[in-house]
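The values are calculated or read from the model by the stated rules, or taken from the named source; none is laboratory data. Bear in mind the structure is a predicted one, so any value in this text is a computation, not a measurement. With ideal geometry, Cβ positions are generated from the backbone for all residues, glycine too; neighbour counts draw on all protein chains shown. Side chains included, ligands, DNA and RNA excluded: accessible areas come from the protein's heavy atoms. Shrake-Rupley method; radii C 1.70, N 1.55, O 1.52, S 1.80 Å.
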Amino acid sequence: MNGAFRLISSRARIVGLVFGITAASGVMVSMPSSLGASDLGGDATAVLGLESLNSGGDAQIFSVSCSEPGECAAAGYYTDAAGRQGFVVTRTGGIWRDAEPIPALKALNGGNRAEAYSVSCAVPGECAVTGYYTGGAGRQAFVVTQTGGIWRDAEPIPGIAFLNGGDKAESYSVSCAAVGECAATGVYRDNNAKNQGFVVSQTNGEWGNAEPIPGLEVLNEGV
């Protein structure tokens, strides 16, 4: 592997994981010792297929989730000629597959800046990813679901555009307790240019509408 290992943003330091970038080989991942090298793949390795996507030379991984040993998913962004794009990569049967662009996210991402911040897997092949993209109305939050091992199309979080009068919404975290049962959270900017928190739930595989976190607006006297 070519290039020196370096730490990236604090958002990448999740549950003991440390991510880095190699100069020629894309992103490499160092797995947490608490889970055991044999469970997650051992030493750091370049993410397969990411170098070919990352023509702009800037890629990062923000999140990884493993439902059981050898069954994981990770998410982040890469940069191509059009700008910053979200990607996912899946580990199945102990083998990391090639990184792939998040389906349909590039079509949403007219402003050419998208990032996948968080991933959660309830069982192998059943995961959710959330983040943001930039469209004509500014920055918007999205979610994408993996079902039966297949990543579905990214979609705007239902109802977030209605809340997001200030045209800046991002979803930072998602958690799935069971197949089709997840919750995500993040921030939007209201019509008064104040940043507010939101939550959104998935029930029986369907995402409901985003809603302000109850009571938070009253506490949130700043911006």
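Take every Cα-Cα distance within the range 77-148, group them into 5 Å bins from 0 onward, and report for each bin the whole-number percent of pairs it holds.
4, 16, 27, 23, 15, 9, 4, 1, 0
Given 0.36 nm per residue, what is the gain on full extension from Asp58 to Asp80 after removing their alpha carbon distance, in nm?
Between Asp58 and Asp80, full extension yields 7.1 nm more.
Around Ala82, under 11 Å between beta carbons, what's the net of Lys plus Arg minus Asp minus Glu among the other residues?
With Lys, Arg at +1 and Asp, Glu at -1, the net is +2.
Would you mind working out the accessible area per residue for the range 115-158, using a 1.4 Å probe, and quoting it in Å²?
On the way: 1270 Å² over 44 residues.
Result: 29 Å² per residue.
When a/c reaches 1.5 or more, the comparison of a/b and b/c decides; with that in mind, is the range 98-223 rounded, prolate or oblate per its Cα gyration tensor?
Cα axes put the range 98-223 in the oblate bin.
Counting only protein heavy atoms and a 1.4 Å probe, tell me what percentage of the range 101-223's accessible area is made up of carbon and sulfur.
So the carbon and sulfur contribution to the accessible surface is 53 percent.
Please state the relative contact order of the range 90-211 as a whole percent: Cα pairs under 8 Å, 6+ residues apart? All intermediate terms of the calculation are to be shown ahead of the outcome.
Working: 308 pairs, mean separation 24.1, N = 122.
Over the range 90-211, the number comes to 20 percent.
Net charge near Gly111, counting Lys/Arg +1 and Asp/Glu -1 over other residues with Cβ under 11 Å of its Cβ?
+2
Quote the charge dipole size of the range 117-223 about the Cα centre in Debye, to the nearest 20; the model charges only the Cβ of Lys and Arg (+1) and of Asp and Glu (-1).
220
Keeping every protein chain present and rolling a 1.4 Å probe, give me the accessible area per residue for the range 40-95 in Å².
For the range 40-95, the per-residue accessible area is 35 Å².
Please give the net charge around Ser120, taking every other residue with its beta carbon less than 14 angstrom from that of Ser120, where Lys and Arg add +1 and Asp and Glu add -1.
Combined, the nearby Lys, Arg, Asp and Glu give -4.
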